[in-house]
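The values are calculated or read from the model by the stated rules, or taken from the named source; none is laboratory data. Quantities reported herein were computed from a predicted structural model and do not represent experimental measurements. Please note: Cβ atoms are built from the backbone with ideal geometry, for glycine as well, and neighbour counts cover all protein chains shown.
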Amino acid sequence: MTTNTQKPERIKIFDTTLRDGEQSPGAAMTHEEKIEVAELLDEMGVDIIEAGFPISSQGDFDAVNTIAKRTKNAVICGLSRAGLKDIDRAAEALKPAKRFRIHSFISTSPVHMKHKLQMGPNSVIEAIAASVGHARRFTDDVQWSPEDSTRTERDFLCFAVETAIANGATTINIPDTVGYSTPQEFYEMIVDLKNRVPNIDKATIATHCHNDLGLAVANSLAGVLAGARQIECTINGIGERAGNAALEEVVMALKVRGDIMPFTTGINTTLLSRASKMVSNVTGFPVQYNKAIVGKNAFAHESGIHQDGMLKNVETYEIMRPEDVGVHSSSLVLGKLSGRHAFKDKLEALGYELDDQAFQDAFKRFKDLADKKKHVFDEDIVALVDDEVMRGHDKILIRALRVSSGINVAPSAELTLSVDGQDRTAKTTGDGPVDAIFNAIRELYPHEASLQLFEIKGVTEGTDAQAGASVRLEENGRTVTGRAADTDTVLAAANAYVNALNKLLVKREKRAPETLTVAR
């Protein structure tokens, strides 16, 4: 009997959280937040980080440029359309990187060529040759994508791919731009490209699958089984519309099911939970409780039958260890008598690494919270740390707040804001205490943004639970979501509104030209 000692093939992980993920309505990140996410992606072992779309705005250019300077290991990628100015701008932003990639794309489906590009097939082929050839002037690592490839006529798709490779593309990315494909169909398309494109052996095939039908991860894995060796994905699956293939899901699927998918990645999976929390915080997009791998309930068992099985053998109901994705199985409940050591251990278990000042601030907030609550749960700690850590660069801060409300009492709010270091105070009324607070904010910092959503949810259970507030603002097509948590519901609402307003200020500065459209 012989034993197969061949090493599993390596699959490259291309993360586009900072580019496609940020295109989710309301998911815009500040410059500092982008840098922090990029640093964690690099530490986690992501092979290629698509840091942004440099020509879209000065803010995106600056973020890509800074990430290019700071990243230690990953290849840094910038997106560009087929225009030569796009490619020049991307190359300029990426220049400081140790290793960089230019990613150019153009639509190839009949509906896109006719209605979006207003170009014929011959003109598209000419644009592919020109753009890829131009990108090769700056780097030998050029990626090309046929946008809407899964609705592209197969003969034309093969010719377009062949043209891109002939002009120097080293990675051919196949985007299911509108999430239209199914696993079997996507598999057959990759096989078809491998069989029909004569120079396909000179390039790596990649997948970029959207989740409109809930099949992004399945399609990506089908592509790998067919011969793709790079997967484009995002943390928590964020992205346009229903999002992209979730990085944590494709990585763990390959790890857990190595028996039928003999592939490996360079991802340190113990950082997946930490990355999920960070991206959720900076975008304001909560992770659904039953989300695979990183959801709150992914390793939770409430059913008596399940609990009985788990006590006898964890493999009865768990196909992976929670530690493998950075989730600790302990359910330690902290309270007001807990000390710094226990709090630090809990933070590390939850995936946080704070500097000394941030830790002291978080510990003080924890002790204040513990004095108000009988039990402090993991979700409480996550809420209070996230509420503090990510807001060190805000231009608008709440200094003081007093609210009056009750029967036969006109709801009013007396609010002091610090705006660029200067304190301003106003006293206003409203239909309720929250309305009065929001009126005060608008008086102290006048703006045209309209309130699209205000939502309050309990972070944990009980009358002493923290309230989690979400505020969505919209201004001239720009949408942002602010979040905050506090045992005082009205203070949580005020902090959420101010958080959204701070994000809007950042988004005003980085608004892309109206002509830019990226919907790969």
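Quick look at the values:
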read-out	value
Index of the failed condition, Ala129 passing every other in (1) crowded, with 21+ Cβ neighbours inside 10 Å; (2) under 17 Å from Thr171 (Cα atoms)	(1)
Verdict on Glu248 being within 14 Å of the chain's Cα centre (by Cα), in a loop (DSSP other than H, G, I, E, B), among the acidic types (Asp, Glu) and over 27 Å from Asp140 (Cα atoms)	no
Residue that is modelled with the highest pLDDT [pool: residues in the range 251-285 that are in a loop (DSSP other than H, G, I, E, B) and under 11 Å from the mean Cα position of the chain (by Cα)]	Phe285
Which numbered condition Arg241 fails, given (1) of a type outside the set (Asp, Glu); (2) at pLDDT 95 or above; (3) more than 14 Å from Ser149 (Cβ to Cβ)	(2)
Conditions (1) touching a Pro at 6+ places or on another chain (Cβ under 9 Å); (2) buried (at least 17 other Cβ atoms within 10 Å of the Cβ); (3) at pLDDT 95 or above; number of the one not met by Glu92	(2)
Tally of residues being free of Cβ contacts under 8 Å to residues at least 60 places away in the same chain and surrounded by fewer than 21 Cβ atoms within 10 Å (Cβ to Cβ) across the range 25-60	3
Residue check, Ala494 at pLDDT 90 or above, small (Gly, Ala, Ser) and in contact with a strand residue (DSSP E or B) (Cβ under 8 Å, 6 or more places away or on another chain)	yes
Selection count, the range 440-455, where residues are free of Cβ contacts under 8 Å to residues at least 40 places away in the same chain and assigned to a helix (DSSP H, G or I)	4
Of all residues making up the range 455-474, the number that are more than 22 Å from the chain's Cα centre (by Cα) and at pLDDT 80 or above	3
Filtered residue count, the range 150-195, keeping only those that are under 25 Å from Val75 (Cα atoms) and crowded, with 18+ Cβ neighbours inside 10 Å	17
Subset tally (residues that are crowded, with 17+ Cβ neighbours inside 10 Å and either among the charged types (D, E, K, R) or at pLDDT below 75 (or both)) for the range 327-349	5
Residue in the range 110-117 that is more than 30 Å from Glu39 (Cβ to Cβ), buried (at least 17 other Cβ atoms within 10 Å of the Cβ), assigned by TED's automatic domain parsing to the domain that holds His208 and in contact (Cβ under 8 Å) with a residue 12 or more places away in the chain present	yes
In the range 167-201, the residues that are outside any helix (DSSP H, G or I), polar (S, T, N, Q) and in contact with a helix residue (DSSP H, G or I) (Cβ under 9 Å, 6 or more places away or on another chain)	Asn167, Thr170, Asn173, Thr177, Ser181, Thr182, Asn199
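The rows are residues; the columns are (1) charged (D, E, K, R); (2) more than 20 Å from Asp20 (Cβ to Cβ).
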{"position": "Glu162", "(1), (2)": "yes, yes"}
{"position": "Pro183", "(1), (2)": "no, yes"}
{"position": "Gly214", "(1), (2)": "no, no"}
{"position": "Ser220", "(1), (2)": "no, no"}
{"position": "Thr265", "(1), (2)": "no, no"}
